[in-house]
1. Asn82 - would you say it is at pLDDT below 90 and either closer than 20 Å to Ile141 by Cβ or in the same structural domain as Phe173 (by TED's automatic domain parsing) (or both)?
2. Among the residues of region 41-55, which ones are touching a strand residue (DSSP E or B) at 6+ places or on another chain (Cβ under 8 Å) and at pLDDT 80 or above?
3. Tell me, please, whether a residue that is hydrophobic (A, V, I, L, M, F, W, C), in a loop (DSSP other than H, G, I, E, B) and surrounded by fewer than 17 Cβ atoms within 10 Å (Cβ to Cβ) can be found in region 51-70.
4. Out of Gly116, Gly124, Gly174, I need the residue that is exposed (fewer than 14 other Cβ atoms within 10 Å of the Cβ) and modelled with pLDDT of 85 or more. Which one?
5. Do the conditions hold for Ile12, that is, is it under 24 Å from the mean Cα position of the chain (by Cα), in a helix (DSSP H, G or I), among the hydrophobic types (A, V, I, L, M, F, W, C) and crowded, with 18+ Cβ neighbours inside 10 Å?
6. Test each condition in (1) at pLDDT 70 or above; (2) of a type in the set (A, V, I, L, M, F, W, C); (3) over 30 Å from Gly93 (Cα atoms) for Leu189 and report the one that comes out false.
7. Among the candidates Val25, Val13, Val35, Val66, which residue alone is in contact (Cβ under 8 Å) with a residue 40 or more places away in the chain and under 20 Å from Cys157 (Cα atoms)?
8. If Glu168 satisfies all but one of (1) part of a strand (DSSP E or B); (2) over 14 Å from Ile60 (Cβ atoms), what's the number of the condition it fails?
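The values are calculated or read from the model by the stated rules, or taken from the named source; none is laboratory data. As the structure is a computational prediction, the values presented were derived from the model and not from experiment. Positions of Cβ are generated from backbone atoms using ideal geometry, with glycine treated the same way; all protein chains shown enter the neighbour counts.
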Amino acid sequence: MTELQKKYNEKIVPFMKEKFGYKNVNEIPKITKVVLNIGAGKTLKDPKLIDIMIDNLKRISGQSPVKTRAAKSIAGFGIKENQIIGLAVTMRGARMYEFLNKFVNVALPRFRDFQGLSPEAFDGRGNYNIGIKEQIVFPEIKADEIEKVHGLEVTICTTANTDEEGLELLKAFGFLFRKRGERAKEEELREVSKKEAVLKRYEAMKKKQTVAGVAPAAKAKPMASKEESK
């Protein structure tokens, strides 16, 4: 039994039971599987990339990925029948817990500008999806060895009935989430700071023109219509 499994049995189960008032132990949510998925759309232009993706998934998960193939040809997208269009790995049991432990403690802190996961990425049934832009966040992938950078998606499947239960379950496992609405506030602050920076540059430019004896650029007056000119 892994350390994360012990943590679930000894700490998370009592915590969830007390918080949501479950009467039966079987009601308490748990993580059933973790799925890693890569869309192979880029390989249509670069066929060698599929081998790199397969090797990276093997390193990250310790399992050989399942290849998803096209059922029929689609000329508009350049897809041929039986062509590989995706890769997936499903982890359960001890291997799943080992991956989660590594993901929470090593991979997530290596996300660029990481400020917590979004609490809005649940699917309504307690399952959570995380999009990763670069595979180099995983310790098995060495930055100086990679030939191509690609993303992947991590799906964490739980037995939770609601997103609220799923959120509390993942928090108990050590996942860090930002508060709801925090992203919108951050974007608003960025827009305000951009506008302030533009105004400061404009004021600085006006001062330079004044010191140099050049009149600051005035707003262009609208052209008079023919009737007004008469």
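1. yes
2. Within region 41-55, the first condition is being touching a strand residue (DSSP E or B) at 6+ places or on another chain (Cβ under 8 Å), and the residues that meet it are 41, 43-44, 50, 53-54.
The answer is Ile50, Met53, Ile54.
3. Yes: region 51-70 contains one or more residues that are hydrophobic (A, V, I, L, M, F, W, C), in a loop (DSSP other than H, G, I, E, B) and surrounded by fewer than 17 Cβ atoms within 10 Å (Cβ to Cβ).
4. From the options Gly116, Gly124, Gly174, the qualifying one is Gly124.
5. Values: under 24 Å from the mean Cα position of the chain (by Cα): no; in a helix (DSSP H, G or I): yes; among the hydrophobic types (A, V, I, L, M, F, W, C): yes; crowded, with 18+ Cβ neighbours inside 10 Å: yes.
No: the conditions fail for Ile12.
6. Leu189 satisfies every listed condition except (1).
7. Every option except Val35 fails the conditions.
8. Condition not satisfied by Glu168: (1).
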